[in-house]
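The values are calculated or read from the model by the stated rules, or taken from the named source; none is laboratory data. Treat the numbers as computed from the prediction; the structure is a model and nothing was measured. Cβ placement follows ideal geometry from the backbone for every residue including glycine, while neighbour counts extend to all protein chains displayed.
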Amino acid sequence: MGRFVEAADRDQASFLPACLEDYVDADNPVRVIDAFIDELDLAGLGFARVQPAATGRPGYAPGTMLKLYVYGYLHQLPRSGSWSARRVAISS
């Protein structure tokens, strides 16, 4: 386990639906964002704190934050203020 806040395994079976992957269609563009960001060398691109700190509260993984930013940019979500899960869900 790393020092980043870990997301739940998307293939882990859970209650309603059977797994998180069931929410996203196979041809949904969010899968392209996910695959593209996973292939990037974030440290090579100059992202700070790609390696987590050994102390303090775990932060969010930079790749995860970049995925959210790219998704918001492509769906023209406002960058000022805070993003709510409801606003992201409505725009999908």
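For the reader, a short list of remarks on this structure follows.
- Only listed residue being touching a residue at least 24 places away in the same chain (Cβ under 8 Å) and either out of contact with any strand residue (DSSP E or B) (no Cβ under 8 Å at 6 or more places or on another chain) or of a type in the set (G, A, S) (or both), chosen from G59, G46: G59
- Every condition in (1) within 15 Å of A7 (Cβ to Cβ); (2) modelled with pLDDT of 75 or more is met by A43 except one, and the failing one is (1).
- Residue within the stretch 18-39 that is exposed (fewer than 10 other Cβ atoms within 10 Å of the Cβ) and modelled with pLDDT under 70 present: no
- Subset of the stretch 46-75 (residues that are within 17 Å of the chain's Cα centre (by Cα), in a loop (DSSP other than H, G, I, E, B), at pLDDT 80 or above and of a type outside the set (A, V, I, L, M)): F47, H75
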